[in-house]
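Student: This is the structure I want to talk about, given as structure tokens.
The values are calculated or read from the model by the stated rules, or taken from the named source; none is laboratory data. Values in this document were obtained by computation on a predicted structure and should not be read as measured data. No Cβ is skipped: glycine too gets one built from the backbone with ideal geometry, and neighbour counts run over all protein chains shown.
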Amino acid sequence: MGARCRRDALPGLVPCAAARALGNVHGALPLGTSRASGVFTGVPPEEARRGGLKLEAAFLQYTFSGLTIGAIYALVALGYNIIYNVTEVINFAQGEFVMLGGLFAVFFAGSLGFPLWLGFPAAVAVVALVGLAMERFVLRNARNATVLSFIIITIAFSILLKGTAMFAWGKDPYTLPAFTSGKPFFVGGAAIQPQALWVLGIGGLVVAGLSLFFHRSMYGKAMLACADNPAAARMMGIPVKRMVLLSFVLSAAIGAVAGGVITPISLMEYDRGALLGLKGFGAAVLGGLGQFPGALVAGLFLGLTESFCAGYLSSGYKDAVALILLLMALFFKPEGLFGSREAASLKRF
Amino acid sequence: MNRSSIPDGEVLNSMEDSDPILTLEGVGMTFGGVTALRDVAHEVPAGIIQAVIGPNGAGKTTLFHCISGMLQPTSGRVLFQGRPITGLPPHRIACRGVSRTFQHVALFKAMTVLENVMVGRHPRSRSGFWAAGLRLPGMRREEKRIREKASEILDLVGLADAAPLAAGTLPLGKQKILEVARALATDPRLLLLDEPAGGLNMNETEELGELIRRICSDGTTVMLVEHDMNLVMEISHRVLVLHYGERLASGSPGEIKDHPDVVEAYLGGG
Amino acid sequence: MSPADRRLFFLAVLFLAVFPQAVSSFDAVSHYVDIMVFVGIYSLVTLGLCMLMGYAGQISLAQAAFFGVGAYSSGILTVHLGWNPWAAMVAGAVVAALLAWAVGIPALRLKGHYLAMATLGFGVIVHIVFKEEGEWTGGPSGLVGIPPLTAGGWELYREIHWYYLVWGTVLVALLFCFHVIRSRVGRALMAIHEEEKAAEAMGVPTARYKVQVFVLSGVFAAVAGSFYCHYVGFLDPNSFDLMWSIRFVLMVMVGGMQSLWGALLGTALLIFAGNEWLHVFAEYEILIYGAILLGVVLFLPSGLVSLFSTHRFSRKSPGRAREPAPEE
């Protein structure tokens, strides 16, 4: 099911043989392996280091791949923030929305042969429905749950999604054709894929759209009100339950967008969700849970840090970088860089 | 209730000559933009029943939080038996001899009544993980003592029959009493009761009043945040009035009842 | 221990004693002894987790990491440095204790979601270290050549001996935990779980106790890991990943978070099911786990043990309105 790596790939696609060689991608993986998400912008870090590129070019290369993957982390962080703002719940399944977005895009554009401009939005829509289902059937039945139960519920849902993906798509990684075909172009010696620009562009659009939504539309403003004070919001006639539902749908959609847009670059497979979700959460915490601009800055920062670590230090440990930053933030500054300490202590974690 | 049990002025004055059990020095508490307490200064003599009253939002519960350590005052100091306790974690303050109840009953609902009180014995017992896990003889003796003392306290407050029941199944009146019993188990020198009569009917309130009097006559100083003015006037020796986080007035119940500022705070524009 | 628990304990000892004989007579199930060794090893982990989750009310998604610390300590010290396996086990437990203490102090200040994420993150970091430090751990291809445990010159490799060793340890750990629960510390832990602020106001040093239980759970997991290392003889980092941490949580929840017996039951069920009955459904394994976890937490929050004693548990949240505390 879906478009596996094909030799007769459209131009612009990362050739799968190269992907396998560089990313250690191979078929049947042992259960539970979660692999680092590789971001290929045309030149792998190891090769850059080996003197194939000049120093400045390498730096630019890492910056660009950092910004690209950082945009994804920022989008995931936004997803967490939206749900958190309205419900004070952390949705552990956020990363799975990204994974599903990518895989569904592969399904629509690949197996079903839809053109990308149809397949991508279709994938986003389907995943948004998954988000709706999650809220409606799972969370709403857990009204009386303790915080502990809630956490386990979202974790359970996330592994349910992962299990379904594994069942439907198997353990292999899949790829998607890039949104526009074209060879990588060079800036100061660094190779930049057109898809990376799509990532940044679409990411920017999502952010702009969200801003408009929250500050200009009635629904958006209502959602912000719910975050502040659900009781008061309810008394003002705001249908809190619907806002909660909307927050899940929106979050899922944003996650799916991130997934669809990154798959052409770094492939997608069934178990990518956990690590993406964790790193996105790291960005959300670093930026201050619930703070949108913080999520953006922190996401990009996380992506850059990870990219530089992979390039200059050790690519094996690059996943650990984001996680260490997450732990540091949680332990020493849980309100994040942009939140206030009082706000942090007042919120129920 | 027996009015003649309130000590007269002379006895009270002699009490106030000895060192106060609690001293508040310029205690202030600000969160975000809100100043809940501003420069509250007061001394509580040992062995009395000290009421703290004031309109809603006056900062009474916040004051209790500052004393018991749940909150750290943003300014000022709290001294217990002459020693500063500001900034100490609540469990240390409890070990020093300050215990409390909560405005919204905070019992361990799934544990039995007896077990709730046994938890109160924590500061007066010592067995740790190893002693417990290996079931050392010292630990077993201590368990027996804890259980006996907890039973005694339940007898004292009249809840002995309820000992094996889950605390959450008791009616509210008994829950409030249980919370007092639990706090008593810590052997406090100072007991903070936060709206103990909230939700109680007249009979229950009377029983509560009796209990508080008995606690006081056994030597424990009691501080009482209450809205039930009858109860306050009946049993307190001293009353402190807070308004908008500031000390408004202090004195005997009789003095406070007719104090013009107090009357205005409660009835007037305030 | 309560009379009921004491009875169950003797029943358990009886069952465990008889089980190998009963099972080895039938070819079809003779390998159950081997499975039971694994059940025992994992039970050690879930006992510790049960203390942490069910009694102290905290969550940890890092138990697989502690399990791995014990396993790799044993593996590395015996394979690369030639240590005595028992000494290596102790070392593993010490490392796990130190790690749990170091991470626990800042992490357990956090609540709910934050704590879960922190332990999740920590667990994944440790997993990455196992994969990356190939020189010591053998990386993804694994660590081989692990020597067997020895007792006075005599090598421990027979299944049945491992069975007794592991289950003996589990029974001792179980007793220890029961004693802790029925003590001042146990009451304090439950108080922390129910109303942390009130517990603190009654003189319970909540932060210290939470860290101590976390350390206990880490040490139990590490010892289990050391057993695993010597029993299996080979270590692969995939046995210590996030999915395993989630499996441990699942085992505790399925059995009943607030019951030590529940932890054993849940572990036994899931390991047997995973090995025996879901063989066919390998691709669905994760899916089934997710569904079970979801089902349990939504519809049977007090776990399977609540089906056995209706008066012990309340429906809404894992609670323990139970029979009068016995005299000792």
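Student: For A:Phe179, indicate whether it is under 21 Å from the mean Cα position of the chain (by Cα), more than 14 Å from every other protein chain (Cβ to nearest Cβ), buried (at least 17 other Cβ atoms within 10 Å of the Cβ) and not in a helix (DSSP H, G or I).
Tutor: Judged against the criteria, A:Phe179 is a match.
Student: Could you say whether any residue in the range A:127-143 is assigned to a helix (DSSP H, G or I), closer than 28 Å to A:Ser181 by Cα and either in contact (Cβ under 8 Å) with a residue 12 or more places away in the chain or within 14 Å of chain C (Cβ to nearest Cβ) (or both)?
Tutor: Taking every residue of the range A:127-143 in turn, at least one turns out to be assigned to a helix (DSSP H, G or I), closer than 28 Å to A:Ser181 by Cα and either in contact (Cβ under 8 Å) with a residue 12 or more places away in the chain or within 14 Å of chain C (Cβ to nearest Cβ) (or both).
Student: Please give the number of the condition B:Glu115 fails out of (1) assigned to a helix (DSSP H, G or I); (2) away from chain C (no Cβ under 11 Å); (3) free of Cβ contacts under 8 Å to residues at least 60 places away in the same chain.
Tutor: Looking at each condition in turn, B:Glu115 falls short on (2).
Student: Could you check C:Val79 against (1) of a type in the set (Val, Ile, Thr); (2) in contact with a Pro (Cβ under 8 Å, 6 or more places away or on another chain); (3) at pLDDT 90 or above and say which number it fails?
Tutor: Just one mismatch for C:Val79, condition (3).
Student: Condition test on A:Ser158, is it of a type in the set (S, T, N, Q) and modelled with pLDDT under 90?
Tutor: no
Student: Output the residues belonging to the range B:62-90 that are surrounded by 20 or more Cβ atoms within 10 Å (Cβ to Cβ) and under 16 Å from the mean Cα position of the chain (by Cα).
Tutor: Passing the criteria: B:Thr62, B:Leu63, B:Phe64, B:His65, B:Cys66, B:Ile67, B:Ser68, B:Gly69, B:Val78, B:Phe80, B:Pro90.
Student: Something else now. From (1) within 26 Å of C:Leu189 (Cβ to Cβ); (2) outside any helix (DSSP H, G or I), pick out the condition that doesn't hold for B:Ala58.
Tutor: Every condition holds for B:Ala58 apart from (1).
Student: Examine the range C:156-168 for a residue that is surrounded by 15 or more Cβ atoms within 10 Å (Cβ to Cβ), among the charged types (D, E, K, R) and touching a residue at least 12 places away in the same chain (Cβ under 8 Å), and state whether such a residue exists.
Tutor: yes
Student: Within the range A:193-237, considering only helices (runs of 4 or more DSSP H) that don't extend past its boundaries, which have at least 3 residues that are within 20 Å of the chain's Cα centre (by Cα)?
Tutor: A:194-216
Student: Further question: Mind checking which residues of the range B:132-146 are more than 8 Å from every other protein chain (Cβ to nearest Cβ) and part of a helix (DSSP H, G or I)?
Tutor: Hits for the range B:132-146 are B:Pro137, B:Gly138, B:Arg141, B:Arg145.
Student: If we keep just the residues of the range C:86-102 that are under 22 Å from A:Asp319 (Cα atoms) and either in contact (Cβ under 8 Å) with a residue 60 or more places away in the chain or part of a loop (DSSP other than H, G, I, E, B) (or both), which is nearest to the chain's Cα centre (by Cα)?
Tutor: Checked the range C:86-102; the qualifying residue nearest to the chain's Cα centre (by Cα) is C:Ala100.
Student: If you check C:Ala191 against the conditions, is it within 14 Å of chain B (Cβ to nearest Cβ) and under 30 Å from C:Ala4 (Cβ atoms)?
Tutor: yes
Student: Among the residues of the range B:121-158, write down those that are of a type in the set (Gly, Ala, Ser) and touching a helix residue (DSSP H, G or I) at 6+ places or on another chain (Cβ under 6 Å).
Tutor: Residues satisfying the conditions are B:Ser125, B:Ser127, B:Ala131, B:Ala132, B:Gly133, B:Ala150.
Student: Could you tell me whether any residue of the range C:26-47 is surrounded by 24 or more Cβ atoms within 10 Å (Cβ to Cβ), touching a residue at least 60 places away in the same chain (Cβ under 8 Å), more than 16 Å from C:Ala268 (Cα to Cα) and small (Gly, Ala, Ser)?
Tutor: The answer is no; no qualifying residue exists.
Student: Another question, then. Identify all residues within the range A:291-322 that are within 14 Å of chain C (Cβ to nearest Cβ) and either surrounded by 24 or more Cβ atoms within 10 Å (Cβ to Cβ) or β-branched (Val, Ile, Thr) (or both); write none if there are none.
Tutor: Within the range A:291-322, A:Leu302, A:Glu306, A:Ala310, A:Asp319, A:Val321, A:Ala322 qualify.
Student: Say whether the condition of being part of a helix (DSSP H, G or I) and free of Cβ contacts under 8 Å to residues at least 60 places away in the same chain is met by at least one residue in the range B:178-200.
Tutor: No, because not a single residue in the range B:178-200 is part of a helix (DSSP H, G or I) and free of Cβ contacts under 8 Å to residues at least 60 places away in the same chain.
Student: Further, regarding this structure: Between residues in the range B:86-108 that are more than 8 Å from every other protein chain (Cβ to nearest Cβ) and assigned to a loop (DSSP other than H, G, I, E, B) and residues that are aromatic (Phe, Trp, Tyr) and crowded, with 21+ Cβ neighbours inside 10 Å, which pairs lie under 9 Å by C-beta distance while being six or more apart or on different chains?
Tutor: B:Gly97/B:Phe80; B:Gln103/B:Phe64
Student: If a residue must be more than 15 Å from B:Glu25 (Cα to Cα) and touching a residue at least 40 places away in the same chain (Cβ under 8 Å), how many such residues does the range B:69-85 contain?
Tutor: Count: 1.
Student: Hey, another quick one. Would you check which residues across the range C:133-152 are buried (at least 23 other Cβ atoms within 10 Å of the Cβ), in a helix (DSSP H, G or I) and hydrophobic (A, V, I, L, M, F, W, C) and list them?
Tutor: none
Student: Further, regarding this structure: Only one of C:Phe66, C:Phe122, C:Phe130 is of a type in the set (Phe, Trp, Tyr), in a helix (DSSP H, G or I) and facing another protein chain (nearest Cβ under 9 Å); which?
Tutor: None of the others qualify; the one that does is C:Phe122.
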